[in-house]
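The values are calculated or read from the model by the stated rules, or taken from the named source; none is laboratory data. Small disclaimer: the values here were computed from a predicted structure and weren't measured. Cβ atoms come from the backbone with ideal geometry, glycine included; neighbour counts cover every protein chain shown. When the accessible area is computed, the model is the full protein with side chains, heavy atoms only, and any ligands, DNA or RNA have been set aside. Shrake-Rupley method; radii C 1.70, N 1.55, O 1.52, S 1.80 Å.
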Amino acid sequence: MNISVQGAPIYFTIPIFGGIPISATLVITWLIMAIVTGLCLWLTHDMKVSNVSKRQAVAEFLVETARNFTVGNMGEKFAYFTPFVAALFTLSLLSNLISLVGLYSPTADLSTEAAWAVLVFALITYHKIKANGFGGYLKGFTQPIPVLTPFNILSEIATPISMACRHFGNILSGTVINALIYGALALASHALFGLLPGLLGDVLSQIPFLAVGVPAITSIYFDWFSGAMQAFIFCMLTTMYIANAAEAD
């Protein structure tokens, strides 16, 4: 198995797959999918109608919350989208937060958000055609006046691009800011304790005392809050775009 680095992600070339490169993004995504699958199987194991366990109560709460979110944004007729929205949110949230345990975050790779955005865009286009017909879908690009057709096409193409880049940009920026904060504090610690005379200064200046604690505090926002918020926003936009697309012009 050959390993090479191309940019940020690590690529593994496995001969038994014909030398197809498998990135760290794929490996961690598969891991997250396995975790989510195992968690779902555990939560839904041995469900009962009465005398439900705490595990089943948690499962029912999560399902009800996902359903309320979907129906609240899309309407009762789109309740069947609940599993899709819940899966998208869970995958996005865990992908954002998995870097907290030292693993590579799949959402730090633009290809992850791009794949999600393309899938959502396909659903948006499908519901537009279903609601208006293929002719009506094409006619929509000429509204309100035909001269705006090129701009309407660009606007349509910009939808998945903006969804992907918004999510990716916020996650990547949080990672970069945290790294800069940690590096700056480590440098400040080295400079401050380096002022001490002799061997004591030489030893203490190598230990990043100032970098302990502060990055953990900033990660509450940049990792926990921002990660959860970006997953929420992505799912919110998904439900709103699809619901609007399903409305006939």
Subject >> Filter result (crowded, with 18+ Cβ neighbours inside 10 Å, under 11 Å from M163 (Cα atoms) and of a type outside the set (F, W, Y)) within the stretch 232-249 >> reply: C235, L237, T238
**OP:** May I ask you to say which residue of G135, G140 is touching a residue at least 12 places away in the same chain (Cβ under 8 Å), under 26 Å from K77 (Cα atoms) and open to solvent by less than 60 Å² (accessible area, probe 1.4 Å)?
**Re:** G140
Original post:
Does T29 meet the test of being under 30 Å from A245 (Cα atoms) and in contact with a Lys or Arg (Cβ under 7 Å, 6 or more places away or on another chain)?
Top reply: no
Subject >> Set V147, V176: member being closer than 26 Å to A228 by Cβ, free of Cβ contacts under 8 Å to residues at least 12 places away in the same chain and loosely packed, with under 13 Cβ neighbours inside 10 Å >> reply: V176
Original post:
Given the conditions (1) in contact (Cβ under 8 Å) with a residue 60 or more places away in the chain; (2) over 24 Å from I233 (Cα atoms); (3) surrounded by 14 or more Cβ atoms within 10 Å (Cβ to Cβ), which single one is not true for K130?
Top reply: (3)
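Yes/no per residue for (1) at pLDDT 90 or above; (2) under 19 Å from the mean Cα position of the chain (by Cα):
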| site | (1), (2) |
| --- | --- |
| I35 | yes, yes |
| H45 | no, no |
| V49 | no, no |
| K54 | no, no |
| A59 | no, no |
| R67 | yes, no |
Original post:
Would you say S162 is within 16 Å of T29 (Cβ to Cβ), open to solvent by less than 70 Å² (accessible area, probe 1.4 Å) and more than 11 Å from the chain's Cα centre (by Cα)?
Top reply: no
Subject >> Residue list for the stretch 98-114, restricted to those being over 14 Å from I32 (Cβ atoms) and open to solvent by 30 Å² or more (accessible area, probe 1.4 Å) >> reply: G102, L110, S111, A114
Original post:
So, in the stretch 115-127, of the ones that are touching a residue at least 60 places away in the same chain (Cβ under 8 Å) and hydrophobic (A, V, I, L, M, F, W, C), which residue ends up surrounded by the most Cβ atoms within 10 Å (Cβ to Cβ)?
Top reply: V120
